[in-house]
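Reading through the structure tokens given below for one structure.
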Amino acid sequence: MVYLLKIPPIGGTPISEGLACVKMPCIYIRPENRFKYVWKMLKATAHILPNDSAIMEVCRDTHSVTFQCETQENGNIIASVKYTVYAKTGQSRRTTTDAILVFCLATGIIVTVSVIFAMIFMILHWAAVKAIWKSKSGQDNLDKKLANKRSLCNME
């Protein structure tokens, strides 16, 4: 018996392909329920999947995975097609970029809060800040005060 099968383009091109999921058709002719479809996930060994429909949808993972669909009639394989679903791309780059952005944001917040506290301190202690700025250095002013106190103590 000869069948005209609906064959996906060479290389097993999915029906629809998005960033997250892929729909893959098995080789079939109408009516679809005429055949049995066996989907396998090919890793080190073939794992038979519970899906027995002509179209399977899978979501991308962190590793590439190859799927194979066998179209069977009366226990005989009459067609087979393989698909490789590639891993999500750009995931590690995005994670690195996110870490850098979080670091920059945290650093910016810390610097901003520090500047605000410094300004509040200067406003609350304006007289002391003004005195320090008037003297050539803050130590000169302190040294003069300490010397005056010692001379007063010695005179008594």
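The values are calculated or read from the model by the stated rules, or taken from the named source; none is laboratory data. If you're wondering where the values come from, they're calculated on a predicted model, not measured in any experiment. Every residue, glycine as well, gets a Cβ built from its backbone with ideal geometry; the counts of neighbours run over all protein chains shown. Only protein heavy atoms, including side chains, enter the accessible area calculation; ligands, DNA and RNA are left aside. Shrake-Rupley method; radii C 1.70, N 1.55, O 1.52, S 1.80 Å.
Does Ala147 qualify as being at pLDDT below 80, surrounded by 10 or more Cβ atoms within 10 Å (Cβ to Cβ), assigned to a helix (DSSP H, G or I) and hydrophobic (A, V, I, L, M, F, W, C)?
Yes.
Please count how many residues of the range 26-74 are open to solvent by 80 Å² or more (accessible area, probe 1.4 Å) and closer than 13 Å to Tyr86 by Cα.
4
Quick one: is Thr97 under 29 Å from Val22 (Cβ atoms) and open to solvent by 60 Å² or more (accessible area, probe 1.4 Å)?
yes
Here are some residues: Thr107, Thr97. Which one is assigned to a helix (DSSP H, G or I) and modelled with pLDDT under 80?
Every option except Thr97 fails the conditions.
So, Lys82, is that one surrounded by 10 or more Cβ atoms within 10 Å (Cβ to Cβ), modelled with pLDDT of 80 or more and under 29 Å from Leu42 (Cβ atoms) or not?
It is true that Lys82 is surrounded by 10 or more Cβ atoms within 10 Å (Cβ to Cβ), modelled with pLDDT of 80 or more and under 29 Å from Leu42 (Cβ atoms).
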